[in-house]
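What follows is a short report on a single structure.
Just so it is clear, none of the values below were taken in a lab; they were calculated from the coordinates. Predicted model only: the values in this text are computed from it and were never measured. Cβ sites come from the backbone with ideal geometry, for glycine too, and all protein chains shown count toward neighbours.
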Amino acid sequence: MWRFLLSVAILSCGCDSTTNVTCRNELGNEVDWYILYKLPKMNGNSGLQYLYMDDSTAGWTHGLKDINSNSGTLANTLKPFFDFYIKKTEGFGYMLYSDQPPNLKTAPSSFGHSKGVVMLDRNTGVWLSHSTPKFPGTDINNFWPASGTVNAQTFICVTYPYSEFKEIGLQLKYIHVYSFDYNIPLTFHNELKCVAQRSCYPKSEPWFRVKDMPPITGSNFKSFAKYTRFEDDLYSGLLVDHLGQDLYVKSWGRMKKPLPSYCTVAHNVYNVLQVKPPNLQPFLDTVDHSKWCVTNNSSTWTCIADTNREESQKGRGGGAICTDNLEVWNAFSAMVGKYDPCPPMTPPRGSGAQKREL
């Protein structure tokens, strides 16, 4: 009888590895990081298929389930958050932020053009940065917004130790994210609490912050963040200078005032107009809401970002999570299709944008 009662207690306490706050793949297994690229709805598909990679896949693999599955990659990763809404788990904290939250059409433009999820306990946590408006819902069976299905979207999830969330809070402070739902325990990092409460922002130069932020395994990751007073493009004004290479940038193709490809003596920033996923039909930036960039073949940096190359977004906060992982670089560089060449004359940085014709 005692053995039976003990076994019941173990099963009911939720004391297995699935309670850890980490990035998780489709099988529910812990991974240090992953990148997910949801494909657009086109050619008769549902718009819910996605490409997936982590440190073990050696490049892109096709997701086995739809992105809105309650047992897929995103649902498995977000399970501690969904559980909190039911159980009010002790010692668990989270923050949802977005410039297009579920309960508003858009957040005030004084906040960053950024979307993401932070979850953590006293041991580990997750920073999930993405491009999908109105994501996520609070129910594991209905967390995916229907509005996110039409266009392509990107997600990057990185698992960090608890101590690193002080730095993540500072990065989000520079981006000046719009927090729309949170629960940060009183004993957790103050840097996270003030961002969650929308009560802090940078007050002195420099108006950007760059931080090495390796996940638990020590892979090479960098976080870039710019505040609204930086007043320049994330890619041509910050990333290209620090990465020291030409950049191919994929951002939203339906902007009012897109910035042209930016070309200088030192480094160029090219706008990617077409994406070529492996073994699939290419698609245009007009059906791709993702934001990412990749260096040329002189280095192997890839960044998943949250900001578009648009005139108005030079004056908004934003950021990128970058890695020099060779397999990630190979996967993204192979997807660069058509791109804007250098214009005949590039205007000085900070001047008005030129209209692009597709």
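Mind telling me which of the residues PHE82, PHE92 ends up being touching a residue at least 12 places away in the same chain (Cβ under 8 Å) and closer than 25 Å to SER199 by Cβ?
Only one candidate passes the filter, namely PHE92.
Can LYS276 be described as of a type outside the set (Ser, Thr, Tyr), under 18 Å from LEU247 (Cβ atoms) and surrounded by 19 or more Cβ atoms within 10 Å (Cβ to Cβ)?
When the stated conditions are applied, LYS276 does not pass them.
When the residues of region 87-101 are narrowed to those that are part of a loop (DSSP other than H, G, I, E, B) and not polar (S, T, N, Q), which ends up nearest to GLY319 (Cα to Cα)?
ASP99
Which condition number in (1) closer than 13 Å to ASP139 by Cα; (2) surrounded by fewer than 24 Cβ atoms within 10 Å (Cβ to Cβ) is the one that ASN103 fails?
For ASN103, the exception is condition (1).
Which of the residues that make up region 122-139 are in a loop (DSSP other than H, G, I, E, B) and buried (at least 20 other Cβ atoms within 10 Å of the Cβ)?
Those that are in a loop (DSSP other than H, G, I, E, B) and buried (at least 20 other Cβ atoms within 10 Å of the Cβ): SER131, THR132, PHE135, PRO136.
Pairs under 6 Å by beta carbon, first residue outside any strand (DSSP E or B) in region 251-278, partner among the small types (Gly, Ala, Ser), six or more apart or different chains?
LYS257/ALA353; LEU259/ALA353; LYS276/GLY337
Return the pairs, sorted by first residue and then second, in which the second residue is of a type in the set (Val, Ile, Thr) and surrounded by fewer than 23 Cβ atoms within 10 Å (Cβ to Cβ), the first residue lies in region 232-243 and is touching a residue at least 24 places away in the same chain (Cβ under 8 Å), the beta carbons are less than 7 Å apart, and the residues are 6+ apart or on different chains.
Taking only residues 6 or more apart or on different chains, the pairs are HIS242/VAL210.
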